[in-house]
Amino acid sequence: MVLVSLDEDGLKQVTVLPITHSPPGDPGAALELPAETKQRLGLDGLRSWIVLDEVNRFIWPGPDLVPRVRGDMSTVAYGYLPRALMLELRRRIGVLAKARRLRTVHRTE
């Protein structure tokens with residue numbers, strides 16, 4: 001999760017970076033999740049990338065969330081990323097934002 005804010009109705013809006021198994025077309029617009037981090041978070045063993053040039057916004061909790069345990073919404077948060085990875089994400093998102101290459105996709109409408 002990148003950002004949490006309240007909308008005009010007092011609902012929590014979250015902004016998150018999507019994760020994909022698809023290798024990026026532009027390596028500068030994605031960051032590979034380390035295997036150790038994926039394992040600690042309980043994710044699968046396939047290679048995955050954090051998409052850096054797109055952020056998703058939606059209401060929390062909402063239909064856009066997929067819990068690890070079916071029906072248990074407390075399992076939608078997988079855990080924390082290592083500090084070094086978070087700093088690299090912030091740096092690279094900043095570069096993309098300055099270049100106006102960051103877009104927002106509204107998921108809950």
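The values are calculated or read from the model by the stated rules, or taken from the named source; none is laboratory data. This one's a predicted model, so the numbers in the text were calculated from it and none came from an experiment. Quick reminder, even Gly has a Cβ in these numbers, built from the backbone with ideal geometry, and neighbours come from all protein chains shown.
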**Report entry** Number of the exception - Arg101 against (1) modelled with pLDDT of 90 or more; (2) within 21 Å of Leu6 (Cα to Cα); (3) more than 16 Å from the chain's Cα centre (by Cα)
**Finding:** (2)
Query - Condition broken by Arg92, with the remaining ones in (1) of a type outside the set (Gly, Ala, Ser); (2) in contact (Cβ under 8 Å) with a residue 24 or more places away in the chain; (3) exposed (fewer than 13 other Cβ atoms within 10 Å of the Cβ) satisfied - result: (3)
Requested in this report: Please enumerate the residues belonging to region 10-40 that are more than 20 Å from Arg90 (Cα to Cα) and either among the β-branched types (Val, Ile, Thr) or at pLDDT below 90 (or both).
Outcome: Gly10, Leu11, Lys12
Query raised in the report: Among the residues of region 33-50, which ones are free of Cβ contacts under 8 Å to residues at least 24 places away in the same chain and out of contact with any Ser or Thr (no Cβ under 7 Å at 6 or more places or on another chain)?
Result: Ala35, Glu36, Gln39, Asp44, Gly45
